[in-house]
Structure formats: C-alpha cells, structure tokens
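Working notes for the structure below.
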Amino acid sequence: GVRTPYIDVPDAVYFTNSPGPGTCREIGHKVPFDTARIIELYGTRQAYMNLFRETADRLVKQRWLTEGDAKRIKQGLNSSSN
C-alpha cells in the first residue's frame, strides 16, 4: 500500500477504535505525542515539520498525491497542537 506522511512521519499514536460511551468504536482515534516525544524523535518541532513536508513532496513526485492534497496536508501542520 501507499504510506502517508501521517504514518511515515508520525506526531501521534493511531488507534483503530474509539473508547468511551457514545462513540463509534469503528471510527478510530489518535493521541498526539507530547513535545518531549517530538524532540526525542525529530530533534525539534521544525525538523518534524520539514520531514513531513519532504515526505508529502516525495509522494507528489511519485504521483501518489496531487499537488492540491499535498498543499492541504502541509497547511494542516500549522494548525497542529504540538
């Protein structure tokens, strides 16, 4: 399958189900890494963002992502909580 920047350059742990009452168990959820984990994995938040962008750009060159989709997911980095 095609891997995405979200999996190759993670900033969270992804789960296949959602816990708790009133949620759809099949939807899934994620738990963001704290700042210490980001630093441990990537050195700095900026290094994480650079690697994420590079991964998205590589997928565009390989024609797995469109330019528009890559732009949208890279813009999402700026609104991330970490």
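The values are calculated or read from the model by the stated rules, or taken from the named source; none is laboratory data. Predicted model only: the values in this text are computed from it and were never measured. Positions of Cβ are generated from backbone atoms using ideal geometry, with glycine treated the same way; all protein chains shown enter the neighbour counts.
Tell me, which residue of the stretch 65-82 that is of a type in the set (Gly, Ala, Ser) and part of a loop (DSSP other than H, G, I, E, B) is nearest to residue 2 (Cα to Cα)?
Per the stated criteria, the residue is 80.
Failed condition for residue 52, given (1) among the hydrophobic types (A, V, I, L, M, F, W, C); (2) touching a residue at least 12 places away in the same chain (Cβ under 8 Å); (3) in contact with a strand residue (DSSP E or B) (Cβ under 9 Å, 6 or more places away or on another chain), with all others met?
Here residue 52 clears every test but (3).
Can residue 45 be described as over 14 Å from residue 8 (Cα atoms), free of Cβ contacts under 8 Å to residues at least 60 places away in the same chain, touching a helix residue (DSSP H, G or I) at 6+ places or on another chain (Cβ under 8 Å) and surrounded by 15 or more Cβ atoms within 10 Å (Cβ to Cβ)?
Spelling it out, residue 45 is indeed over 14 Å from residue 8 (Cα atoms), free of Cβ contacts under 8 Å to residues at least 60 places away in the same chain, touching a helix residue (DSSP H, G or I) at 6+ places or on another chain (Cβ under 8 Å) and surrounded by 15 or more Cβ atoms within 10 Å (Cβ to Cβ).
Working only within the stretch 48-64, note down all residues that are among the aliphatic types (A, V, I, L, M) and buried (at least 19 other Cβ atoms within 10 Å of the Cβ).
Answer for the stretch 48-64, where residues must be among the aliphatic types (A, V, I, L, M) and buried (at least 19 other Cβ atoms within 10 Å of the Cβ): 49, 56, 59.
Would you point out which residue out of 26, 40, 67 is loosely packed, with under 13 Cβ neighbours inside 10 Å and at pLDDT below 95?
Going through 26, 40, 67 in turn, the sole match is 26.
Quick one: in the stretch 43-64, of everything that is among the charged types (D, E, K, R) and in a helix (DSSP H, G or I), which residue is modelled with the lowest pLDDT?
In this case the residue turns out to be 45.
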